[in-house]
């Protein structure tokens, strides 16, 4: 029995291995790039509602992430600027846990009637430095 030397099968195996190694290499590069990508942090989702009741400026947490009671409230009433922490004007029982949670309110007594006054308000969480609410209120 005489065997003839044929290199056709070897070239098909080498071609298959080459394609397979290219595929694995490309997959590895894509995998490493996706894992090392720094995706942006999602913005905190908090819902606050502001209202005016006679001489009271009220901010109520109505949903989403908790804020800290160290969150700062920047208030401008007819050009007069002031700022304070949420803890300063919260119910002491609500502020005891250092969290501003759903249903808790900050009630700022302005001292004068707020009707017919232009009010600008910003609420900024001190830990994330994110502005949660901004608005121009005209009662």
Practice prompt. Starting from the Cα-Cα distance between residue 21 and residue 130, subtract it from 0.36 nm times their residue separation and give me the gain in nm to one decimal.
Written response: 34.5 nm
Worksheet item: Anyone know which of 17, 75, 48 comes out most mobile in the 10 Å Cα GNM of the chain?
Response: 17
Fill in: 10 Å-binned pair-distance histogram of the stretch 37-139 (Cα, whole percent)
15, 49, 27, 7, 2, 0
Worksheet item: Which part of the stretch 67-87 falls in the paramagnetic zone of residue 116, meaning amide N under 16 Å from the point 7 Å along Cα-to-beta-carbon?
Response: 78
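Let a ≥ b ≥ c be the square roots of the eigenvalues of the Cα gyration tensor of the stretch 46-88; is it rounded (a/c under 1.5), or, if not, prolate (a/b larger than b/c) or oblate? Display every interim value, and only then the final one.
Values: a/c = 2.31, a/b = 1.43, b/c = 1.61.
Because a/c hits 1.5 or more and a/b fails to exceed b/c, the stretch 46-88 counts as oblate.
Since every read-out is calculated from the coordinates, none of them should be taken as a lab result. Values in this document were obtained by computation on a predicted structure and should not be read as measured data. Heads up, the Cβs are rebuilt from the backbone with ideal geometry, glycines too, and the neighbour counts pull from every protein chain shown.
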